[in-house]
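Starting off with a structure, shown below.
All of the numbers you see were taken from the coordinates with simple rules; none came from a lab. Only a predicted model underlies this, so the values are computations on that prediction, with no experimental measurement involved. Virtual Cβ from ideal backbone geometry, glycine too; neighbours counted across all protein chains shown.
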Amino acid sequence: MTGGRLGRTAPSALLCAQPVAFVRIAAQVRQWMDRWPDGMDEGVQAVRRANKERMVPLLVRRIEQRPVSLRHYVFASGMTAEEKRRQVLEWWNEIHFQLVMAAKTPEELNALLGGVLSAGTLDIYRRAQAKGIPIFVTPYYLSLLAPSGRGYDDAAIRSYVIYSSRLVEAFRAVWNCRRIFVVVVSVCFELTKRNTF
C-alpha cells in the first residue's frame, strides 16, 4: 500500500504489516516516559497548584498597589480579601493578566518563587538587568517550576527563566558586537552621504 505522489508507504500500512514491532516499540517508549513524572502526574499537579496558591496573595498585594485610575486588573472598592482572592483566580487564566503581572525585577521573581533564589542567583539577575537583559516571567510560567528543587525535574522549564553567569557574559559580548556594528553602519552611511566611501 503506497500513498502520496512520491509513492511512500503509508504509516498505517507499516503498522499493519509489523504490528508486533510497533507494540514492542510503543511499550519501550511508554517505559521511557514512565521513568519521569510529567505534567499530568498528580504529584506534579499538586506542586503546581501549591505554587499558584502561594502566588495569589502576592498578586493581590500587587494589584492593591496599582493605581485605581488603571482600567484593567484593579479591585472594586469594598471587596473583601476572599473576593479579591477569587477575582485573581478568575483573572489567572487571562493572558493579558499574566503579562501585566509578570515578574520584571529580581525581587518580584524571587517573591513569586517563594524566596528560594540564592543570593548568587539574585546577583546574576541584578548584573543581567544592569547589562540590559530583561526579566519578564509570567506567574503561570513560574507556577510550572518546582521551587524546592524536589518533586520533579523542571530543568527544561527552569532554563528559560533562571539566568547563568555565562548567559550574562555572552549577552554582554553580543551587545558589544551589536554596538560596534551600529557604529560601523553609521560611519559607512556618513561616508556614503559624502561620496567618500
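When you count, for each residue, the other Cβ atoms within 10 Å and take the mean per peptide, how do 60-73, 128-141 rank with the highest first? Don't jump to the answer; show the numbers that get you there.
Working: 60-73: 11.4, 128-141: 15.3.
The packing order, highest mean first, is 128-141, 60-73.
Compute the FRET efficiency between Arg24 and Ala156 as 1/(1 + (r/R0)^6), taking r as their Cβ-Cβ distance and R0 = 35 Å, and round to the nearest 0.05. Show your work: numbers first, answer last.
Details: r = 28 Å, r/R0 = 0.80.
Step by step, r from the Cβ atoms, then E = 0.80.
Can you tell me the FRET efficiency between His72 and Ala50 if r is taken as the Cβ-Cβ distance and R0 is 22 Å, rounded to the nearest 0.05?
0.20
While we're on this one: Taking 8 Å as the Cα distance limit and 6 or more residues as the minimum spacing, I'd like the relative contact order of segment 48-156 as a percentage. Don't jump to the answer; show the numbers that get you there.
Details: 87 pairs, mean separation 35.8, N = 109.
Contact order relative to length: 33 percent.
Moving on to the next point. With no solvent and one equal point scatterer per Cα, compute the Debye intensity ratio I(q)/I(0) for segment 42-163 at 0.12 Å⁻¹ and report its log10, rounded to two decimals.
Log-scaled intensity ratios, in q order: -0.47.
With the crude spin-label approximation of a point 7 Å out along Cα→Cβ, what separation in nm comes out for Gln65 versus Phe136?
Between Gln65 and Phe136, the label points sit 2.1 nm apart.
Another question, if that's okay. Would you kindly derive the ³J(HN,Hα) couplings of segment 68-85 from the backbone phi angles with the Karplus curve 6.51 cos²θ - 1.76 cosθ + 1.60 (θ = phi - 60°), listing them in order in whole Hz, with x for Gly and Pro?
Whole-Hz 3J(HN,Hα) from phi for segment 68-85: 5, 5, 5, 7, 10, 6, 10, 8, 5, 5, x, 5, 7, 4, 5, 5, 5, 4.
Along the Cα→Cβ direction, 7 angstrom out, place labels at Ala119 and Gln98. What is the inter-label distance in nm?
The answer from the label model is 3.5 nm.
How high is the FRET efficiency between Arg86 and Glu42 when r is their beta carbon distance and R₀ equals 25 Å, given to the nearest 0.05? Could you put the intermediate results ahead of the total?
Working: r = 25 Å, r/R0 = 0.98.
The value I calculate is 0.55.
Would you mind checking which residues have amide H under 5 Å from Val137's amide H? H placed 1.01 Å from N; only 5 or more apart, or other chain.
Correct list: Ala103.
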